[in-house]
Structures are given as C-alpha cells and as structure tokens.
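Remarks on the structure that follows.
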Amino acid sequence: MRTRFELCAWPLARAGDALALGNTLQELFASPLMIAGHEVRITAQIGIATVPSPTGAVDSAALLERAETAAYCVAHQGDQVPQLYTEYMSRWTSQRRKLEQSLHEAVENGELVVHYQPRVQTVSRKIVGMEALVRWAHPTLGMIPPRSSSRSPRRTASSCRSASSSCARRAARRRRGSTRGSRAVRIGVNVSAVQFRDPHLFDSICGILRETGLPAGQLELELTESILMRDPKNAIALLTRLKEAGIHLSIDDFGTGYSSLSYLKRFPVDALKIDQSFIRQVTNNPEDAAITTAIIVLGHSLALNVIAEGVETESQFDFLRVLDCNEVQGFLFGRPVPAEQAEALLGLERVALA
Ligand code: G
Ligand code: MN
C-alpha cells in the first residue's frame, strides 16, 4: 500500500535545512513499528523541492510536482536517501516513464523472453549451470539485451518472471525423467536491488519453488556486491534465510562494488562471479591479471566457488584454468540462447568452444 504525504516547511534559511529535515524524517522509518504484536516495516521515499527555486519562481502545484519527481527518483535508486529536486530529474523521469510504458506493453505482447547461458566446469568442460537472462524481442529493433536499457531496470520485475519461468521449465524437465540432457543443472537468476528490498521476496521465492516443484538446491540467486552492501546487516539476515531454505547464493559482478572483506566473510554465499570487466583483458593487462588472480585465491581461501564471466577467448580460458578457477561463463562456451537450444546443449558431454 502506498500513501502520499505532503509536508510544507518554512521559513528555511537554506536548501540544506530542508535536506536535514528530510533526513530526520527518514530516520523515523528506519526501525520497524510494532502493531498488534506484528513487526511492520514502512519505507519512505522523500523528495524535496524548494521555493524560490534556483531556476526561478514556481507555483505550488509545480512545486509539489517537483517534490514528487524527486521522490520518484529516490524510489528508483538503490539507497533511499532524501533528494533535492534538480532539473535533471525531470528529464530522467520522463525517459524512465517512457521506458516503463514500453516495457509494460512488451510484457503484454509477450515480447520478453528468457534465454539461458551455459556455465561450464573448468576441468571437465561440462555444463553445470545456466544463467537465465531476460531478452526483449522488440518487433522492430530486434533482440535487446537488458544492459542497453541501463543497469537498474535490467534486474527489475522481469527477473522475477524469469525466476518463475526458469524454475517451471527445470522442474518440467526433471519430471520428464531420463530424457536426453535431463541432468540437473543449477539455474542462476539475477536479483535486482528493488527485489532485494522487497519484504515479500523470501515468501515469493519459496512460493515459486513450491508451485514448480523445483528443488531449492537447483536455484542460484545472483546478487551484486552493491545490493548486499547497501544494508549489510539486513542482507545477512535475508541471505541466511535463503541459505537455510537450501537455495544457492552467489555474488555477481564481483570486484566492481565497494565490498568490504569483513562483510564478505559473513555473507553466507556459495560463489563469487568475477566481473567481465576484469576478464576482458586478463591476458594482456597486468592489473586485470593480478585482480583476477587475487579474487580466485580469496574465493578459494573462503571456501567459495569462483566463476569467471565474459570468457571469450581460449587464452582467457587457459589463464583461468591454470589458476584453478572453478567455472567459466562467456561467449566462448555459448551465448544466451532460447530454452530449447539450451536444453539441447545439456545433452553434450563437453561444450565445444566457439
Ligand atoms: O551482470 P551479469 O553477470 O548478470 O551480466 C550478464 C550479461 O553479460 C548478459 O547480458 C550476457 O549476455 C552478457 N555476457 C555473457 N557472456 C558474455 C561474454 O562473453 N562477453 C560479453 N561481452 N558479454 C557477455
Ligand atoms: Mn548474473
């Protein structure tokens, strides 16, 4: 349930005072309320607009609209801190609303499809997992990978859909029994910042597993460091529940967020996925080679599985094999492909290199 409150404060000497007030209000929502013995969490997205504004006088309706635009931006960013309106927010918001609108239409027209990219065990070159990735089959623009529509929307509602349809597919294949390629491989699903904040996430994932009959151990949730580090204490609590339910957990795009090693040891995860940006030049850039080596050693000493992403060449693969990187994923072993093709791949003894 959403409710909108408007608060008018004056006189304030500086815009910074409005921010300070916003921060004080925000803190009130930090701890849960107890209502009839139940813990209730309320979140607030606080947008602030001031008058006279730096861009000239505005009437009260325009002022409220600006505050609302700022609140909308707060709602769509990771850390929910109060924000002062800037003109940039109006441009961002209108672009974002257009994208949302066309995504809604895409969902209605069935234009979102889930593709699967193999994850390969380094020593055996056997497929041990698949990452589910949503693609937008645009009627005129063709296949749009989520990355081109900016980082945050790519891990939004669609990944929940991908979780659900991936689980259903895996479970159906399992029920079919010993058909070709019916080996149990784990399905990796990306979780967005918005989903991770959702208090119903745990229940909806358990619901999907129950409905589809997929064993929890065959689902792997991929979370980025920055998602986990936004609120590490709550993240540990949620990860622990997911882990206890038997779900596998990995840290995605590892090395690009501001991770803290003291938290890393407390996150109950199973694997680290080295970000593609380190792998791209791992064989010719000494820094990337050093970072990749360090991540693999770090992962292994914490008893974690280490997976390299974005492996495109055989020399990158050789480099990673020598370092004992457990698994690899990338165009060298297969691009994300539709479910039927992915299932056919599972029948292979070893993956052929591209
Ligand atoms: O952040 P995450 O690791 O979930 O990103 C996966 C994305 O990386 C997908 O969009 C996928 O298509 C892309 N990807 C997978 N393998 C490769 C690769 O070898 N090279 C490049 N450039 N992109 C890849
Ligand atoms: Mn991923």
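The values are calculated or read from the model by the stated rules, or taken from the named source; none is laboratory data. Since the model is a prediction, treat every value here as computed from it, not as a measurement. Cβ sites come from the backbone with ideal geometry, for glycine too, and all protein chains shown count toward neighbours.
Mind telling me which of the residues SER315, SER262 ends up being surrounded by fewer than 18 Cβ atoms within 10 Å (Cβ to Cβ), modelled with pLDDT under 95 and not charged (D, E, K, R)? Please lay out each step first, then the result.
Numbers: SER315 fails: modelled with pLDDT under 95.
Step by step, each of SER315, SER262 is checked, and only SER262 is surrounded by fewer than 18 Cβ atoms within 10 Å (Cβ to Cβ), modelled with pLDDT under 95 and not charged (D, E, K, R).
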Checklist entry - For GLN117, which of the numbered conditions (1) buried (at least 18 other Cβ atoms within 10 Å of the Cβ); (2) more than 13 Å from ligand 1 (Cβ to nearest atom); (3) polar (S, T, N, Q); (4) modelled with pLDDT of 90 or more fails to hold? => result (2)
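Taking the conditions exactly as written (within 16 Å of ligand 2 (Cβ to nearest atom) and of a type outside the set (Gly, Ala, Ser)), does LEU238 satisfy them or not? Break it down stepwise before answering.
Working: within 16 Å of ligand 2 (Cβ to nearest atom): no; of a type outside the set (Gly, Ala, Ser): yes.
So LEU238 does not fit the description; no.
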Checklist outcome for this item: With the first residue restricted to segment 224-235 and required to be under 18 Å from SER31 (Cα atoms), and the second required to be among the polar types (S, T, N, Q) and assigned to a helix (DSSP H, G or I), Cβ contacts under 9 Å at 6 or more apart or on different chains are none
Checklist outcome for this item: Pairing a residue in segment 278-294 that is more than 15 Å from SER315 (Cβ to Cβ) with any residue that is surrounded by fewer than 17 Cβ atoms within 10 Å (Cβ to Cβ) and of a type in the set (Phe, Trp, Tyr), where Cβ atoms lie under 9 Å and the two sit 6 or more apart in sequence or on different chains, gives none
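Does THR69 count as part of a helix (DSSP H, G or I), within 21 Å of THR93 (Cα to Cα), of a type in the set (Ser, Thr, Tyr) and touching a strand residue (DSSP E or B) at 6+ places or on another chain (Cβ under 8 Å)? Show your work before the answer.
Values: part of a helix (DSSP H, G or I): yes; within 21 Å of THR93 (Cα to Cα): yes; of a type in the set (Ser, Thr, Tyr): yes; touching a strand residue (DSSP E or B) at 6+ places or on another chain (Cβ under 8 Å): yes.
Yes; evaluated as a whole, the condition is true for this residue.
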Checklist entry - Exactly one of (1) in contact with a helix residue (DSSP H, G or I) (Cβ under 7 Å, 6 or more places away or on another chain); (2) modelled with pLDDT of 75 or more; (3) away from ligand 1 (no atom under 16 Å from the Cβ) is unmet by ARG183. Its number? => result (2)
Item to check | Tally, over segment 306-340, of residues that are without any contact (Cβ under 8 Å) to a residue 40 or more places away in the chain and polar (S, T, N, Q) | outcome: 3
Checklist entry - Of (1) assigned by TED's automatic domain parsing to the domain that holds GLY188; (2) part of a helix (DSSP H, G or I); (3) loosely packed, with under 14 Cβ neighbours inside 10 Å, ALA106 satisfies all except one. Which? => result (3)
Checklist entry - Can you name the number of the only condition in (1) modelled with pLDDT of 85 or more; (2) charged (D, E, K, R); (3) in contact with a helix residue (DSSP H, G or I) (Cβ under 7 Å, 6 or more places away or on another chain) that ARG66 fails? => result (3)
Next on the checklist: I'm checking my understanding of the structure. Among residues of segment 327-347 that are away from ligand 2 (no atom under 16 Å from the Cβ) and in a loop (DSSP other than H, G, I, E, B), which one is surrounded by the most Cβ atoms within 10 Å (Cβ to Cβ)?
Outcome noted: LEU332
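Any idea which of VAL351, VAL311 is within 16 Å of ligand 2 (Cβ to nearest atom) and touching a helix residue (DSSP H, G or I) at 6+ places or on another chain (Cβ under 8 Å)? Steps first, answer last, please.
Values: VAL351 fails: within 16 Å of ligand 2 (Cβ to nearest atom).
Among VAL351, VAL311, only VAL311 is within 16 Å of ligand 2 (Cβ to nearest atom) and touching a helix residue (DSSP H, G or I) at 6+ places or on another chain (Cβ under 8 Å).
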Checklist entry - Does LEU238 satisfy the condition of being closer than 25 Å to ASP198 by Cα and within 14 Å of ligand 1 (Cβ to nearest atom)? => result no
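Tell me, yes or no, whether segment 44-52 has at least one residue that is under 21 Å from HIS200 (Cβ atoms) and either aromatic (Phe, Trp, Tyr) or outside the structural domain of LEU228 (by TED's automatic domain parsing) (or both).
yes
Do you know which of the residues in segment 300-326 that are assigned to a loop (DSSP other than H, G, I, E, B) and away from ligand 1 (no atom under 13 Å from the Cβ) is farthest from GLY188 (Cα to Cα)?
Taking segment 300-326 and keeping what is assigned to a loop (DSSP other than H, G, I, E, B), we get 302-304, 309-313, 323-326.
Keeping just the survivors that are away from ligand 1 (no atom under 13 Å from the Cβ) gives 302-304, 323-326.
On the way: LEU302: 21, ALA303: 20, LEU304: 16, LEU323: 24, ASP324: 21, CYS325: 18, ASN326: 16 Å.
The qualifying residue farthest from GLY188 (Cα to Cα) is LEU323.
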Next on the checklist: Please go through (1) in contact with an Asp or Glu (Cβ under 6 Å, 6 or more places away or on another chain); (2) crowded, with 17+ Cβ neighbours inside 10 Å for PRO32 and return the number of the only condition it doesn't satisfy.
Outcome noted: (2)
Checklist entry - If you scan segment 9-44, which residues turn out to be touching a strand residue (DSSP E or B) at 6+ places or on another chain (Cβ under 6 Å) and either without any contact (Cβ under 8 Å) to a residue 40 or more places away in the chain or among the basic types (Lys, Arg) (or both)? => result PRO32, LEU33, VAL40
Next on the checklist: Condition (residue is under 23 Å from ILE227 (Cα atoms) and outside the structural domain of VAL194 (by TED's automatic domain parsing)) applied to segment 1-19: is it met by at least one residue?
Outcome noted: no
